Structures are given as structure tokens and as C-alpha cells.
Amino acid sequence: MRRFALFAECLTAGVLTMLAALPVVTLLAALTAGCAHIRAHVDGEPTTLMSYVERVRAAYPGSWRLSLGVATGFAVLGADAVILRAGIPAGGAIAVACLAASAMLSVLTLRAAAAWSPSRTWTATVRAAARRSAVDDPGGSLLMVLAVGVLAVVTWQLLPLVVPMLGCVLMAAVAVDRRATPVSDPQETR
């Protein structure tokens with residue numbers, strides 16, 4: 001029953017994140033609130049609609065410029081891939097490079113959203129996420145690439161599944177963040 005409750009929270013987080021990210025300038029705040037929503041559920045804290053809204057409000061200051069940058073980056077990479085596949089020589093190889101850049105941008109965005117805290121600025125959070133993604137935990141970044149890849153394949157097959165899959169990707173971001181964060185063993189303190 002507990003696993004079904006976690007899936008239900010992933011579905012809820014996916015719906016709320018999709019709705020909150022619609023204005024585009026709230027993209028990072030919505031992803032951050034979704035990760036915090038799932039983290040709160042796993043930790044046994046309350047996960048209500050109002051708590052989600054409060055998390056978006058807390059994460060929004062300073063994030064709108066980065067949200068626009070992420071959205072612009074995805075738009076440019078997507079447009080490049082479409083244009084290059086249209087007939088430019090070696091366009092297929094460059095389109096694959098655009099796809100790889102999109103995957104890296106997705107991983108960086110999700111890892112920053114999962115790691116954000118009110119005590120850090122967004123710039124510091126993104127820098128730490130970039131370092132963690134590339135240097136400190138490349139295995140976690142590979143796991144995130146796989147999660148985003150599954151999201152892409154599943155939603156390509158059936159578009160309405162983007163909502164529960166987004167929640168599952170947010171859960172994966174939280175799991176990768178927790179995996180990379182050292183946890184003290186309660187046995188050591190005795």
C-alpha cells in the first residue's frame with residue numbers, strides 16, 4: 001500500500017508541477033516544489049496543495065531568469081535538431097549532439113531543482129549541481145539521463161502519460177540527490 005501511496009504522490013507532483021510550470025518563468029520553482037513535495041512524502045511530512053504552493057513561492061525568487069534560460073535553451077536545441085535533420089549534410093550527427101546537449105540541460109535542471117534549499121542562491125545551486133553532475137557523481141547523472149529517456153519514450157508513445165512520468169522523474173531526481181548526499185549512520189553516533 002505504501003508503494004501505491006508513493007506513486008499517487010508522484011502523480012500529484014506531476015500534475016501540480018505541470019500546472020505550475022505553464023507560465024514558463026516558474027519552471028525551476030515548479031520542479032523544485034515537485035521534488036520537495038516527493039521528498040516531504042518520503043520523510044513523512046504533510047503534502048497538501050497549500051504546502052506545494054508555498055514551496056513554489058519559496059523557490060520562485062531569483063529563479064525566473066534561469067527558468068527562461070532553460071526554456072530558451074530547450075527551444076534553440078529543439079529548433080536546431082529539426083532544422084538540421086531537414087537536409088543539411090551531416091545534419092543527423094549534429095542533431096544527435098543537440099539531443100545530447102538537451103539531455104545534459106535536463107539533468108542539470110533536475111539536479112539543481114532537487115538540491116535547492118532556501119539558504120542558497122539559485123546561482124550557487126546551479127553551480128553545485130553542475131559540479132555534482134559532471135565531477136562528483138557522474139553515475140547519478142547517467143541515472144537521470146535514463147529517467148529522462150524513459151520519460152521521452154513513454155510520452156512519445158502516449159502523450160497523456162507525461163503527467164505521471166514527470167512525477168516519476170521528479171522522484172528519480174530526489175533519489176539521485178539523496179544517493180549522492182552522504183547520510184550519517186545512526187550506529188556511528190553510539
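Quick note: the coordinates plus some simple rules give every number you see, no bench work behind them. Note that the structure is predicted; figures quoted are calculated from it, not measured. Don't worry about glycine lacking a Cβ; one is built from the backbone with ideal geometry, like all the others, and counts go over all protein chains shown.
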(request) State the extension gain, in nm to one decimal, for the chain segment bounded by L158 and L11, taking 0.36 nm per residue of separation less the distance between their alpha-carbons. (result) 51.3 nm
(request) Can you tell me the 0 to 90 degree angle between the C-alpha axis of helix 162-180 and the longest principal axis of the chain, rounded to 10? (result) 60
(request) Report which label in [x] 44, 32, 32; [y] 64, 35, 34; [z] 48, 42, 34 holds the value of Cα extents along the principal axes in Å derived from the coordinates of this structure. (result) [y]
(message) Of the candidates V148, V169, V42, which one comes out as most mobile in a Gaussian network treatment of the chain with C-alpha springs shorter than 10 Å?
(response) V42
(request) Only Lys, Arg, Asp and Glu count, each charged at its Cβ (+1, +1, -1, -1), so figure out the dipole size of the chain about its Cα centre, rounded to 20 debye. (result) 140
(message) Looking at the chain as a GNM with Cα springs under 10 Å, which of T109, T32, T47 has the largest mean-square fluctuation?
(response) T47
(request) Between the alpha-carbon centers of the stretch 13-48 and the stretch 108-122, tell me the distance in whole angstrom. (result) 13
(request) Quick one: among A58, A33, A112, which has the greatest mean-square fluctuation in a GNM of the chain with alpha-carbon springs under 10 angstrom? (result) A58
(message) Between helix 49-59 and the chain, what is the angle of the helix's C-alpha long axis to the longest principal axis, kept within 0 to 90° and rounded to the nearest 10?
(response) 70
(message) With the crude spin-label approximation of a point 7 Å out along Cα→Cβ, what separation in nm comes out for A75 versus I88?
(response) 1.9
(request) Kindly provide the helix-only [θ] at 222 nm of the chain, computed as the sum of -39,500 (n - 2.57) over DSSP H runs of four or more divided by all residues, to the nearest 500 deg cm²/dmol? (result) -25500 deg cm²/dmol
(request) Can you tell me the FRET efficiency between T121 and V96 if r is taken as the Cβ-Cβ distance and R0 is 30 Å, rounded to the nearest 0.05? (result) 0.30
